[in-house]
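K.L.:
Have a look at this one.
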């Protein structure tokens, strides 16, 4: 009897979960015994970590380019409801048609999204670089600045939140704005303001912090720390102290939260809304469901560090979740592999200045900075995290990393 794995999400975790399940199916000659389907509303796999860049060409890969060669069906729809007791999903396509999709194993890899703070006017007037659609909307907006009647602050941009994404887009924007401003023949200089509620910029970047400060200074980014935003409107921003700043572009780069689909699972969730999973990425207390990527919180090493919401962990988590789910259905649960990611690195793009490459959970070792680190970041963003072409190469890339762990117990 054919069993079915349904993967929810076409991001890094979801794509590689489907590929890993297909790989194990092929290894065991089980094409007729295991049906694999990936449910995602978008026809593309987006290289999300590139959405802050000015050049958006090539950051989307058609899902079918990866799924069709490896025999995975793509259901282009949005999941509305998860019924864990009945092991079924209610999904709805863009044309409004819906269906129930049953599963024997579910890999929930629905990712995360920016969670804007409740600032009046922020949702209506701010942009983000969280998704391709958000990045494209920002790019279109920037290209309209040279048209129509100019107002004060037209060429000023405010970035809210000095986390990693906020720093990357703040370092990228000055040159981007300046080029557009020069092409428009405007006399108003381009201006970028990075606003952070906390007392420092890059406080959690450890050994990489000096590089961040140097890059921001070279780019001419104005830094406001210990600063709250009271309101946003079509004229700009108002700070918590009452100061009004004319701003033409507001970008929200603060806060991520797991997909609300996690709330439909009767299992513990952390402060980010992520589902707790065991060593094999099975959702704790809910039979038949695995979770991977930004929607899951896994223990990464023996010291107890938790996974972070990034492709660095989403890709290997996806591979293991898909592999382990397929092990269950192919009757080889002892071949499941425990997740482990003891080595943690951060490579932060700092615009024209270069990049900062740190190692360690506290980012306490600076591996490289400037142009050398930029070369590493370019390889990661434009080569390493892209899926390869061709059935053999895709399945080979889907192989999970085998760790030395005890054999898995019998799954239910």
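K.L.:
Could you look through the stretch 176-196, keep only residues that are in a loop (DSSP other than H, G, I, E, B) and more than 23 Å from the chain's Cα centre (by Cα), and pick out the one that is surrounded by the most Cβ atoms within 10 Å (Cβ to Cβ)?
P.N.:
Pass one, the stretch 176-196, residues in a loop (DSSP other than H, G, I, E, B): 185-190, 196.
Now narrow it down to the ones that are more than 23 Å from the chain's Cα centre (by Cα): 185-190.
Working: 185: 7, 186: 15, 187: 7, 188: 14, 189: 12, 190: 21.
Per the criteria, the residue is 190.
K.L.:
Tell me, which residue of the stretch 304-324 that is part of a loop (DSSP other than H, G, I, E, B) and without any contact (Cβ under 8 Å) to a residue 40 or more places away in the chain is farthest from residue 274 (Cα to Cα)? Walk me through it before giving the result.
P.N.:
Quick first cut of the stretch 304-324, residues part of a loop (DSSP other than H, G, I, E, B) only: 304-305, 307-310.
Subset that is without any contact (Cβ under 8 Å) to a residue 40 or more places away in the chain: 304, 307-308.
On the way: 304: 16, 307: 10, 308: 11 Å.
Ranking the qualifying residues of the stretch 304-324, first place goes to 304.
K.L.:
Quick one: how many residues across the stretch 351-381 are surrounded by fewer than 19 Cβ atoms within 10 Å (Cβ to Cβ), touching a residue at least 12 places away in the same chain (Cβ under 8 Å) and more than 28 Å from residue 301 (Cα to Cα)?
P.N.:
4
K.L.:
Name the one entry in 338, 300 that is under 24 Å from residue 363 (Cβ atoms) and either surrounded by 15 or more Cβ atoms within 10 Å (Cβ to Cβ) or at pLDDT 95 or above (or both).
P.N.:
Details: 338 fails: under 24 Å from residue 363 (Cβ atoms).
Of the residues listed, the single one that is under 24 Å from residue 363 (Cβ atoms) and either surrounded by 15 or more Cβ atoms within 10 Å (Cβ to Cβ) or at pLDDT 95 or above (or both) is 300.
K.L.:
Quick check on the stretch 230-240. Is at least one of its residues over 29 Å from residue 53 (Cα atoms) and either over 27 Å from the mean Cα position of the chain (by Cα) or touching a residue at least 12 places away in the same chain (Cβ under 8 Å) (or both)? Even if it seems obvious, please write down each step before you answer.
P.N.:
Going through the stretch 230-240, the residues over 29 Å from residue 53 (Cα atoms) turn out to be 240.
Right, trim to either over 27 Å from the mean Cα position of the chain (by Cα) or touching a residue at least 12 places away in the same chain (Cβ under 8 Å) (or both) and you get 240.
The answer is yes, given that some residue of the stretch 230-240 is over 29 Å from residue 53 (Cα atoms) and either over 27 Å from the mean Cα position of the chain (by Cα) or touching a residue at least 12 places away in the same chain (Cβ under 8 Å) (or both).
K.L.:
Need pairs with beta-carbon distance below 6 Å; first residue on the phi > 0 side of the Ramachandran plot and within the stretch 272-284, second modelled with pLDDT of 95 or more; sequence gap 6+ or separate chains.
P.N.:
273/257; 273/258; 273/262; 281/290; 281/292; 281/320; 281/321; 281/339
K.L.:
Mind checking whether some residue in the stretch 201-216 is at negative phi, in contact with a strand residue (DSSP E or B) (Cβ under 7 Å, 6 or more places away or on another chain) and assigned to a strand (DSSP E or B)?
P.N.:
Checking the stretch 201-216: not a single residue is at negative phi, in contact with a strand residue (DSSP E or B) (Cβ under 7 Å, 6 or more places away or on another chain) and assigned to a strand (DSSP E or B).
K.L.:
Related question: I'd like to check something: does the stretch 21-40 contain any residue that is touching a strand residue (DSSP E or B) at 6+ places or on another chain (Cβ under 6 Å), assigned to a loop (DSSP other than H, G, I, E, B) and within 17 Å of residue 107 (Cβ to Cβ)?
P.N.:
no
K.L.:
Right, another one. Quick check on the stretch 133-153: of everything there that is in contact with a strand residue (DSSP E or B) (Cβ under 8 Å, 6 or more places away or on another chain) and farther than 29 Å from residue 44 by Cβ, which residue is surrounded by the fewest Cβ atoms within 10 Å (Cβ to Cβ)?
P.N.:
First, the residues of the stretch 133-153 that are in contact with a strand residue (DSSP E or B) (Cβ under 8 Å, 6 or more places away or on another chain): 134, 137-138, 141-142, 145, 151-153.
Filter once more, keeping what is farther than 29 Å from residue 44 by Cβ: 151-153.
Working: 151: 11, 152: 13, 153: 19.
Ranking the qualifying residues of the stretch 133-153, first place goes to 151.
K.L.:
Output the residues belonging to the stretch 125-160 that are more than 23 Å from the chain's Cα centre (by Cα) and without any contact (Cβ under 8 Å) to a residue 12 or more places away in the chain.
P.N.:
144, 147, 148, 149
K.L.:
Just a yes or no: is a residue in the stretch 51-66 surrounded by 24 or more Cβ atoms within 10 Å (Cβ to Cβ), farther than 30 Å from residue 175 by Cβ and touching a helix residue (DSSP H, G or I) at 6+ places or on another chain (Cβ under 9 Å)? Even if it seems obvious, please write down each step before you answer.
P.N.:
First, the residues of the stretch 51-66 that are surrounded by 24 or more Cβ atoms within 10 Å (Cβ to Cβ): 52, 66.
From the residues that got through so far, the ones that are farther than 30 Å from residue 175 by Cβ too are 66.
Still in the list and also touching a helix residue (DSSP H, G or I) at 6+ places or on another chain (Cβ under 9 Å): 66.
Yes - at least one qualifying residue is present in the stretch 51-66.
K.L.:
Could you check the stretch 285-298 and list, in sequence order, the residues that are in contact (Cβ under 8 Å) with a residue 40 or more places away in the chain and outside any loop (DSSP other than H, G, I, E, B)?
P.N.:
Passing the criteria: 289, 290, 291, 293, 294, 295, 296.
K.L.:
Among the residues that make up the stretch 25-36, is at least one of them farther than 25 Å from residue 285 by Cβ, surrounded by fewer than 23 Cβ atoms within 10 Å (Cβ to Cβ) and without any contact (Cβ under 8 Å) to a residue 12 or more places away in the chain?
P.N.:
yes
K.L.:
What number of residues in the stretch 327-347 are out of contact with any helix residue (DSSP H, G or I) (no Cβ under 6 Å at 6 or more places or on another chain) and in a strand (DSSP E or B)?
P.N.:
The qualifying residues number 2.
The values are calculated or read from the model by the stated rules, or taken from the named source; none is laboratory data. Computed from a predicted structure; not experimentally measured. As a convention, Cβ positions derive from the backbone with ideal geometry for all residues, glycine included, and neighbour counts pool all protein chains shown.
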